[in-house]
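Below: the structure, in structure tokens.
The values are calculated or read from the model by the stated rules, or taken from the named source; none is laboratory data. Note that the structure is a prediction, hence the values are computed from the model and not measured. Cβ: placed from backbone, ideal geometry, glycine included. Neighbour counts: every protein chain shown.
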Amino acid sequence: MDRSKLTIPRHVAIILDGNGRWAKSRGMPRNYGHSRGAKNLEVICEDAWNIGIKYLTVYLFSTENWKRSKEEVDGLMKLFRSYTKTCIKTAEKNNMKVRVLGDPTALDEDLQESLRQLVESSKDHTGLHFQIAINYGSRDEIVRAIRHVASDCLAGQIRPDEITEELFSGYLDTRDVPDPDLLIRTSGELRLSNYLMWQLAYSEFYFTDVPWPAFTKEDLWLAIEQYNGRERRYGGN
Ligand code: IPE
Ligand code: IPE
Ligand code: MG
């Protein structure tokens, strides 16, 4: 296939799944899988931009992931601390603009501070728009947005009859980010796990058995090839 003729999705969202199973299959602890997964994310960010993808949104930690063992959650938070620091440098080097989706208030204050720095230091960059979802859940995002809309109504800033899909979208964590064209989930599960339910209303879905730490640029191309075979309809005919 001549890849130069393919339509490149503007926005790709990824559920990075399978770190734990990937590590287990190598006789290693789950947190080893997470650290290899984080390294792979840096590689895929560059690959995505080189392919021509403009927006990349990745699921790092769900509102449900707090149910995992303390050891795993502690390991993940430690990893996010170092990942965020590294990301400040790579965002600088690669001109990435980073946004954070999810409710940061449950995270430790130092991690919240690093995330704020990451967003602030990269806000004027013009390369890849990179959204990281951390302590993110779609239901939680929608409920937080509703609370915000309701308080703006009570304050008299908007009237209930002014609430449209467009206005509501502006209250979500993804405001100013176009909806994903393509969703990729690695490692074989066929579900959304509370990811971007509003935003994925008309996205194409691609599932692969490849676990996240082993996912390569070639796998990303395979997803884009399959995306090109889809006929997008948006309800028309
Ligand atoms: C994805 O890998 C990363 C996170 C959810 C934090 P998993 O940790 O879910 O790995 P599996 O699905 O158990 O293999
Ligand atoms: C979804 O993966 C969350 C992230 C990738 C961060 P999970 O592995 O937590 O989802 P379930 O539990 O299999 O649905
Ligand atoms: Mg999983």
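Answer yes if at least one residue in segment 13-31 is within 15 Å of ligand 2 (Cβ to nearest atom), within 29 Å of T105 (Cα to Cα), among the polar types (S, T, N, Q) and part of a strand (DSSP E or B), and no otherwise.
Scanning segment 13-31, I find no residue that is within 15 Å of ligand 2 (Cβ to nearest atom), within 29 Å of T105 (Cα to Cα), among the polar types (S, T, N, Q) and part of a strand (DSSP E or B), so the answer is no.
Quick check on segment 69-81. Is at least one of its residues surrounded by fewer than 22 Cβ atoms within 10 Å (Cβ to Cβ), outside any helix (DSSP H, G or I), hydroxyl-bearing (S, T, Y) and at pLDDT 95 or above?
yes
Can you name every residue in segment 118-145 that is aliphatic (A, V, I, L, M) and in contact with a Phe, Trp or Tyr (Cβ under 8 Å, 6 or more places away or on another chain)?
Those that are aliphatic (A, V, I, L, M) and in contact with a Phe, Trp or Tyr (Cβ under 8 Å, 6 or more places away or on another chain): L128, A133, I134, I142, A145.
Please enumerate the residues belonging to segment 45-57 that are surrounded by fewer than 22 Cβ atoms within 10 Å (Cβ to Cβ) and of a type in the set (V, I, T).
Within segment 45-57, I51 is the sole residue that qualifies.
Consider Y59 carefully, then state whether it is in contact (Cβ under 8 Å) with a residue 12 or more places away in the chain and either in a loop (DSSP other than H, G, I, E, B) or touching a Phe, Trp or Tyr at 6+ places or on another chain (Cβ under 7 Å) (or both).
yes
Scan segment 1-52 for residues that are within 11 Å of ligand 1 (Cβ to nearest atom), small (G, A, S) and more than 24 Å from K93 (Cα to Cα) and jot them down.
Across segment 1-52, the qualifying residues are G18, G20, A23, S25, G33.
Would you check which residues across segment 38-56 are closer than 15 Å to G127 by Cβ and not in a loop (DSSP other than H, G, I, E, B) and list them?
Passing the criteria: E42, I44, C45, E46, D47, A48, W49, N50, I51, Y55, L56.
If you check L60 against the conditions, is it at pLDDT 95 or above, crowded, with 22+ Cβ neighbours inside 10 Å, within 18 Å of the chain's Cα centre (by Cα) and away from ligand 3 (no atom under 14 Å from the Cβ)?
No; evaluated as a whole, the condition is false for this residue.
What is the residue count in segment 1-32 for residues that are closer than 18 Å to Q131 by Cα, surrounded by fewer than 18 Cβ atoms within 10 Å (Cβ to Cβ) and within 16 Å of ligand 3 (Cβ to nearest atom)?
0
Having 1 or more residues that are in contact with a strand residue (DSSP E or B) (Cβ under 9 Å, 6 or more places away or on another chain) is the bar; report the helices (runs of 4 or more DSSP H) wholly within segment 135-237 that clear it.
The helices (runs of 4 or more DSSP H) meeting that bar are 138-154, 217-228.
Output yes when any residue across segment 157-180 is out of contact with any His (no Cβ under 9 Å at 6 or more places or on another chain), closer than 16 Å to A13 by Cα and within 16 Å of ligand 3 (Cβ to nearest atom), and no when none is.
no
Are there any pairs, at least 6 apart or on different chains, whose C-beta atoms fall under 7 Å, with the first in segment 159-184 and of a type in the set (D, E) and the second in a helix (DSSP H, G or I), and if so, which?
D173/E141
Of (1) under 22 Å from M1 (Cβ atoms); (2) away from ligand 2 (no atom under 16 Å from the Cβ); (3) in contact (Cβ under 8 Å) with a residue 40 or more places away in the chain, Q226 satisfies all except one. Which?
(3)
Which one of these is away from ligand 2 (no atom under 16 Å from the Cβ), part of a helix (DSSP H, G or I) and crowded, with 17+ Cβ neighbours inside 10 Å: S114, S35?
S114
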